[in-house]
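Throughout, read-outs are computed from the coordinates displayed, never taken from laboratory work. Bear in mind the structure is a predicted one, so any value in this text is a computation, not a measurement. A quick note on method: Cβ atoms are made from the backbone with ideal geometry, for glycine too, and the neighbour counts reach across all protein chains shown.
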């Protein structure tokens with residue numbers, strides 16, 4: 001154990017910063033139309049470093065962030081993901097699910113996997129030859145992904161969480177061992193000129209928070 005270097009801040013400063021962060025995050029949107037412009041050097045690394053500070057069961061840190069920027073590898077990713085997604089939309093998706101996403105304008109076509117300048121594929125790291133047994137695996141990786149989304153938005157980039165099903169093809173494209181299992185695919189970059197997003201609202205604080 002080591003001492004925790006904590007310095008309590010004035011309450012007014014705490015509230016101001018918390019409200020400013022909430023307002024900034026309220027402007028975050030999932031984007032499906034990306035400009036091809038490259039991400040500035042060091043930005044993705046810093047965002048992933050922030051994500052890797054997430055708490056994890058027994059501090060095992062069971063995550064791997066694979067950054068794809070090679071056009072050919074992104075093309076392979078798009079084609080493989082679209083094949084799985086087309087099968088899902090045509091045969092496996094329930095009518096209830098299709099109805100729920102109808103207003104979002106999404107379908108099996110995923111051009112953003114190729115047009116975005118970078119794609120981050122997040123893997124869960126299970127127990128293997130070079131990795132210890134993880135604890136609270138999905139919870140740990142989920143928290144890390146949440147921090148990554150916030151870090152990317154804070155840096156001025158946009159992203160989208162994409163989960164083709166099944167996702168095992170990603171091990172081959174990303175050259176990862178079997179004990180690493182795909183969790184989510186995140187294209188990252190700038191929004192395309194004139195990019196449109198669904199007209200949605202978010203629940204009010206009183207709908208999501210309860211005091212006991």
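GNM remark for the chain: springs join alpha carbons under 10 Å apart, and the peak mean-square fluctuation among 76, 91, 24 falls on 91. If each of residue 29 and residue 52 carries a label point 7 Å out from its Cα toward its Cβ, how far apart are those two points in nm? Between residue 29 and residue 52, the simple spin-label model gives 3.3 nm. Would you indicate which of [x] 54, 47, 40; [y] 51, 44, 30; [z] 44, 42, 36 is the value of Cα extents along the principal axes in Å derived from the coordinates of this structure? The value computed from this structure is option [x].
In whole Å, what is the distance between the alpha-carbon centres of the range 1-28 and the range 87-162? For the range 1-28 versus the range 87-162, the Cα centre distance is 27 Å. Helical runs (DSSP H, four residues minimum) scored at -39500 (n - 2.57) apiece and divided by the length of the chain put the mean residue ellipticity at 222 nm at -11500 deg cm²/dmol. The relative contact order of the range 43-191 comes to 36 percent, based on Cα pairs under 8 Å that sit 6 or more residues apart. Picking from 43, 121, 188, which is most flexible by a Gaussian network model of the chain using Cα springs under 10 Å? Answer for the Gaussian network model of the chain: 43. Taking 177, 129, 71 as the candidate residues, the one with maximal mean-square fluctuation in a Gaussian network model of the chain, Cα springs under 10 Å, is 129.
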